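The values are calculated or read from the model by the stated rules, or taken from the named source; none is laboratory data. The structure displayed is predicted, hence computed values, not measured ones. Quick reminder, even Gly has a Cβ in these numbers, built from the backbone with ideal geometry, and neighbours come from all protein chains shown. We work out accessible area using only protein heavy atoms, side chains counted, and drop any ligands, DNA or RNA first. Shrake-Rupley method; radii C 1.70, N 1.55, O 1.52, S 1.80 Å.
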Amino acid sequence: MCTADIETMYYQVKVPEDDRDYLRFLWWKDGQIGSDIVKLRMTSHPFGTSYSPSIANYALKQVVQDHSSQFHTSVCEIVFNNFYVDDLLVSSNETEELIDNSVNVIDLCSKGGFNLTKFNSNSFKVLNSLPKEKCSDSIEVHQG
């Protein structure tokens, strides 16, 4: 079993220029209350809006469609079926298959600017096969 998280998923999905007026907000210049008010617009989708999860999920699935010819069907199916918004949960009875799928899912997600991090697994072999910076800080990876 393996879990992972897409780092700041919503901020990886850009808002089209023509739609940015719908994400307009006001701010005080230099963050100082009492100073002039500045009009700003979001350029990426914010966390906390009701639509952001569906847009981010659509973008992730679009990455799969755009790059499916470069990956095995099983890897594409993992991205399509094993994410709950930005959280991945995948399992396999074969450790080597889980390692191969994890490495390839990282690569596929990165094609769209999605950085898969915080990997955790019940197998030290899986964790040791991944770059240390991809693994969760809350676990200690053992050799052997």
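Of note:
- Taking label points 7 Å from Cα along the Cα-to-Cβ direction, residue 42 and residue 122 give a separation of 3.7 nm.
- Highest mean packing comes first when the peptides 105-114, 26-35 are listed by Cβ atoms within 10 Å, giving 105-114, 26-35.
- Relative contact order of segment 45-144, taken over Cα pairs closer than 8 Å and 6 or more residues apart, is 22 percent.
- Angle in degrees between helix 95-110 and the longest Cα principal axis of the chain, rounded to the nearest 10: 20
- Extension gain from residue 93 to residue 33, taking 0.36 nm per residue of separation minus the Cα-Cα distance: 15.9 nm
- For residue 38, the accessible surface of its heavy atoms amounts to roughly 50 Å² (probe 1.4 Å, protein chains only, rounded to the nearest 10).
- Cut-off 13 Å between beta-carbons: net charge of the residues surrounding residue 65, Lys and Arg +1, Asp and Glu -1: 0
- Among 116, 127, 40: highest mean-square fluctuation, GNM of the chain, C-alpha pairs under 10 Å: 40
- In order through segment 126-134: 3J(HN,Hα) via Karplus (6.51 cos²θ - 1.76 cosθ + 1.60), integer Hz, x for Gly, Pro: 5, 4, 5, 7, 9, x, 4, 5, 8
- Per-residue 3J(HN,Hα) values for segment 18-35, derived from phi via the Karplus relation 6.51 cos²θ - 1.76 cosθ + 1.60 with θ = phi - 60°, read 5, 9, 5, 5, 6, 10, 7, 8, 9, 8, 7, 4, 6, x, 9, 4, x, 7 Hz in sequence order (x marks Gly and Pro).
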